[in-house]
Structures are given as structure tokens and as C-alpha cells.
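The values are calculated or read from the model by the stated rules, or taken from the named source; none is laboratory data. These figures come from a predicted structure and were not determined experimentally. Heads up, the Cβs are rebuilt from the backbone with ideal geometry, glycines too, and the neighbour counts pull from every protein chain shown. All accessible areas refer to the heavy atoms of the entire protein, side chains included, with ligands and DNA or RNA removed. Shrake-Rupley method; radii C 1.70, N 1.55, O 1.52, S 1.80 Å.
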Amino acid sequence: MMTKEQYIESLRKLNLKVYFMGELISNPVDHPMIRPSMNSVAMTYELAEKEEYRTLMTAKSNLTGKTINRFCHLHQCTEDLINKVKMQRLVGQKTGACFQRCVGMDAFNAIYSTTYEIDQAHGTEYHKRFTEYLKYVQDNDLTVDGAMTDPKGDRGLSPSQQEDPDLYLRIKEVRPDGIIVRGAKAHQTGAVNSHEHLIMPTVAMKEADKDYAVSFAVPSDAEGVLMIYGRQSCDTRKMEKDADLDLGNSQFGGHEALVIFDDVFVPNERVFMCKEYEFAGMMVERFAGYHRQSYGGCKVGVGDVLIGAAALAADYNGVPKANHIKDKIIEMMHLNETLYSCGIACSAEGKPTLAGNYQIDLLLANVCKQNVTRFPYEIARLAEDIAGGLMVTMPSAQDLRDPYIGKYVKKYLQGATGTDTENRMRVLRLIENITLGTAAVGYRTESMHGAGSPQAQRIMIARQGNLESKKELAKQIARIDESKNRK
């Protein structure tokens, strides 16, 4: 496994094409806008080195027998699924931000089982190809950008019906030695910090859409791949001089990018689906299930940080013993642990796929994500309530440190007796960061739309909730005689 330092150096060796605010970034690793998000990924390597976290952060590969980072692992039992959620909560607690490796891990498990079933149906060798690819990822401890979401264009039209055929990533040409692909993947979490892009289709498809039924892997610096870095709320604060206090979380963060595939060649050994449109929905559903489980861990870890920050704000405001404050913090903890309970439950109810790796209970995973679309918003609301309006109106760090006006900031923003003004400002900025700033991308909006927006989970809950069996239970208890109903 790589160390934190080796991971950082491995990124320096990539010839990435990354654009930010209209300019090509020559050194993404040390760019002030990107570095905090890279630090979050680096934490997944750092924790794996620590003995006290080894059970959660590492696993034994079923492919090679070697000890690997759990982010590269194929789940072999329900304990693996549970440890995945516990690991995600831990890393969320350590970073207070998105740590970006979950999507790749979820893609590994979805593609592994789906390729097995494609091969069973078509006599292809996608599963063998993917197994060899994953061995390469595990042996080199790579960070992989699992990429599913297409730009989509007109949502009322299928991929093949779009006016611009590139609005869903597609196979442009099939060659004897591989394929040429064109299109884009949107909202790609951690793309710039990844060694590889692992592509999946984004919707279930019909035969007319077969050119869009594609799964493959390419290096992040492959010819024809470029990334356009996404904007986040308050993001340019990172570019300001001595902005540490104003950032709220100066060490860690997340990022998203629009990843362009401009006629990229993919050799056959890295192609895992090529026009088998009838299996696109299976891959999408399995990936979505794993990723909806993930939110029962990562969002909970960040929630732990936000709850702690709210409690600290109450301390600095001098009201930690007020009954309404204590009740709000209890509610925040209740909601957070409910999310965690769903993540653990869908893991504990997991079952093996035909390929042998374990899949979560899809119904409970969708219940987990449906709760995630709501509870972090309420936790954030309560944190803002406890913090008070100063969270969004206080002066800057430069004002605090100014030789003339600094004394006024320090005097008039003083909180509870004996507390330090700067410390109070720091915790308020952390709450701002998670609820309104750069970290709100991962904690709030991603909670709504990541791994599928709310309606996607409701469709799956309706499909898997087994309503007819529930009606039969009610009929038996009520002793309903169906023969008495009029035909």
C-alpha cells in the first residue's frame, strides 16, 4: 500500500489537463484551490498506516491474498460491508469533508458482479478483464474516479434521442484493438485527485441506446481526457493571503469536475461493457445501491464534526446548559445516528452476488439515502440556529489581526467569560464551511442529489417494498375472504 507521501508524489507524475477559471493549471497538486481536497484523499492512505485503524482501513484481497486498502476491496461478507460504513464515518470525522474514494470502491463492486453476469449471458470475457484491472488497482493502491453521471441534456429524451449525441458518453467507433469514446461525465467527485477514471452507464437502456452502454477504465492523463474544475461556494477564499481562519476548514475539502472524453481510445483489455444495453440498468442499480449505503457512513462522519462544532459554539456563546440548546443537540445526534443505523442495517442484511462479492440490501440502502436527502439539512439548520447570526456577519481574519481595528474585533466579538475571541470565530467559520461554504457541496447538496436524487430512491423503494405481500399479511390478520369481493 502507498503511504500518504507516496500518494502525493504519484499525482505529481501525472500529466493531467485541468482547467480552472479559464486557465490550464500547471501544478494541480500544490494549487491552493485543489490542495485541501487532495489532503482529504491522502487521509485514506495515512489512516491505513496506523495500527489502531488497520481493521477498518485494510482488508485481505480475495484476488491476490495481499493486504490492501479497503477502498480497493471487493466485499466478501456482511462484516466487510459493515466495516466499509464504519471506515467512511471515521474518515469523515478526520476530515470534515468529502474524501472522494467511495465512488471508485462502489464502482469496483458493481462492475465486478455485473461483468460476471454479462459473461454468463454473452460468453464475453469482461469479468476476466475487470479482475485483472482491479488487481492492478489493488497492487498499486490507486485512487479511482468512479464515473456514472452524464450531462443528460434533455431529461425527457433517451440517450439516442438527444439532439446532440454526445450529451451521454458513447462509443464512437469499435476497432479490432479497442474502442473510441466521446462525451463527458459531470459532477465527478475527486477526479483531479484520481489516478484512473472508471466509467459506467448512467441509465437503463433499450436497444436504440446500445452505443451508450459502455464501461471502461482509462488513466486520468490519457490522451483526449481533460477536466474542468467546478466552482464551490466561498471557494476563492482559499486564494486569499493568510485566509486560514476564514476558511473554517483550511486542511481538508472536496471537489468536483466536468470530465471530457474527446475521442479517447480505450484498449480492449480495459473495456468492461460494449453495447450490452440490457445490462446497463443492472450496473446502474447495483452501483447506486452501494453508493446509497456509503452515505450512511461518510455523511455521518461529517455530521459528527458539525454536531461537535455546534456544541462548541454553544460553549463559546455561554449557553451550553440552556434546555433548548441541549434539546437541539440531542435531536442532531438522533438524526445522525439514524442515518448510521440505516447504513449498518443495509450492510448487515447483505447477500452474495453470483460473482461472489457481497451486495447490500437494496431496499434498506435506498431508505438510507432517502433519509440522507433530509436529515443533514435539518442537522445543518439546527447548527445554524445554535451558532447564531454572527456565523455569517463577522469580520475577516485580516480585520482581527489588523493593528488598529483588531482590538475592536477582539473586544466586541468576545463570547463567554474566559473564552478566546479567535477560537469562537474559528468554530463559527467551521459551521459556515459545512452548512454554507465549500463543504456544503458534499454535506448538503450532494446529500440531495448524489447517488441519485430523492425520486430515484422512492422509485426503488416502491419497486422493492413488496407491497403485495404486505397486503396479504393484512388479509390474513383481518380474515378477509376474497371470494366475497365482486368480480
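Quick look at the numbers
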item: Pairs with Cβ under 6 Å, 6+ apart, first in the range 144-161 and part of a loop (DSSP other than H, G, I, E, B), second open to solvent by less than 40 Å² (accessible area, probe 1.4 Å) and of a type in the set (Phe, Trp, Tyr); result: Asp150/Tyr168
item: Qualifying residue in the range 291-307 (condition: outside any helix (DSSP H, G or I) and either touching an Asp or Glu at 6+ places or on another chain (Cβ under 9 Å) or open to solvent by less than 10 Å² (accessible area, probe 1.4 Å) (or both)); result: no
item: Residues that are in contact with a strand residue (DSSP E or B) (Cβ under 8 Å, 6 or more places away or on another chain) and part of a loop (DSSP other than H, G, I, E, B), drawn from the range 50-67; result: Ser61, Lys66
item: Only one of Ala121, Ala110 that is in contact (Cβ under 8 Å) with a residue 12 or more places away in the chain and surrounded by 21 or more Cβ atoms within 10 Å (Cβ to Cβ); result: Ala110
item: Some residue of the range 426-435 being open to solvent by less than 70 Å² (accessible area, probe 1.4 Å) and over 22 Å from Tyr316 (Cβ atoms); result: no
item: Unique residue being crowded, with 20+ Cβ neighbours inside 10 Å and within 20 Å of Val137 (Cβ to Cβ) when the list is Met87, Met1; result: Met87
item: From Ala380, Ala345, Ala365, residue being farther than 20 Å from Lys84 by Cβ, of a type outside the set (D, E, K, R) and in a helix (DSSP H, G or I); result: Ala380
item: Lys60 touching a helix residue (DSSP H, G or I) at 6+ places or on another chain (Cβ under 6 Å), open to solvent by 50 Å² or more (accessible area, probe 1.4 Å) and either of a type in the set (Lys, Arg) or in contact (Cβ under 8 Å) with a residue 40 or more places away in the chain (or both); result: no
item: Top-ranked residue in the range 124-143 [being in contact (Cβ under 8 Å) with a residue 40 or more places away in the chain and farther than 28 Å from Thr44 by Cα; ranked as surrounded by the fewest Cβ atoms within 10 Å (Cβ to Cβ)]; result: Thr124
item: Per-region count, the range 244-270, residues within 19 Å of Arg170 (Cβ to Cβ), touching a helix residue (DSSP H, G or I) at 6+ places or on another chain (Cβ under 7 Å) and not in a helix (DSSP H, G or I); result: 1
item: Top-ranked residue of the range 451-487 - restricted to ones that are of a type in the set (S, T, N, Q) and in contact with a helix residue (DSSP H, G or I) (Cβ under 9 Å, 6 or more places away or on another chain), ranked as most open to solvent (accessible area, probe 1.4 Å); result: Asn466
item: Identity of the residue in the range 178-233, hydroxyl-bearing (Ser, Thr, Tyr) and more than 24 Å from Ser37 (Cα to Cα), that ends up surrounded by the fewest Cβ atoms within 10 Å (Cβ to Cβ); result: Thr202
item: Selection status of Ser469, modelled with pLDDT under 95 and over 25 Å from Thr338 (Cα atoms); result: no
item: Residue among Asn62, Asn69, Asn27 that alone is over 16 Å from the mean Cα position of the chain (by Cα) and at pLDDT below 95; result: Asn27
item: Pairs, first free of Cβ contacts under 8 Å to residues at least 24 places away in the same chain and over 26 Å from Glu422 (Cβ atoms) in the range 372-397, second in a loop (DSSP other than H, G, I, E, B) and open to solvent by 60 Å² or more (accessible area, probe 1.4 Å), C-beta under 6 Å, six or more apart; result: none
item: Residue under evaluation Thr417, criteria (1) in contact (Cβ under 8 Å) with a residue 40 or more places away in the chain; (2) farther than 24 Å from Arg231 by Cα; (3) surrounded by 13 or more Cβ atoms within 10 Å (Cβ to Cβ); (4) among the β-branched types (Val, Ile, Thr), criterion not met; result: (3)
item: Filter result for the condition that a residue is closer than 29 Å to Pro320 by Cα and either in contact (Cβ under 8 Å) with a residue 24 or more places away in the chain or of a type in the set (Asp, Glu) (or both), over Ala451, Ala439; result: Ala439
item: Close pairs (7 angstrom Cβ cut-off, 6 or more residues apart or separate chains): closer than 30 Å to Ala59 by Cα and of a type outside the set (A, V, I, L, M, F, W, C) in the range 1-27, part of a loop (DSSP other than H, G, I, E, B) and open to solvent by 20 Å² or more (accessible area, probe 1.4 Å) anywhere; result: Ser10/Met2
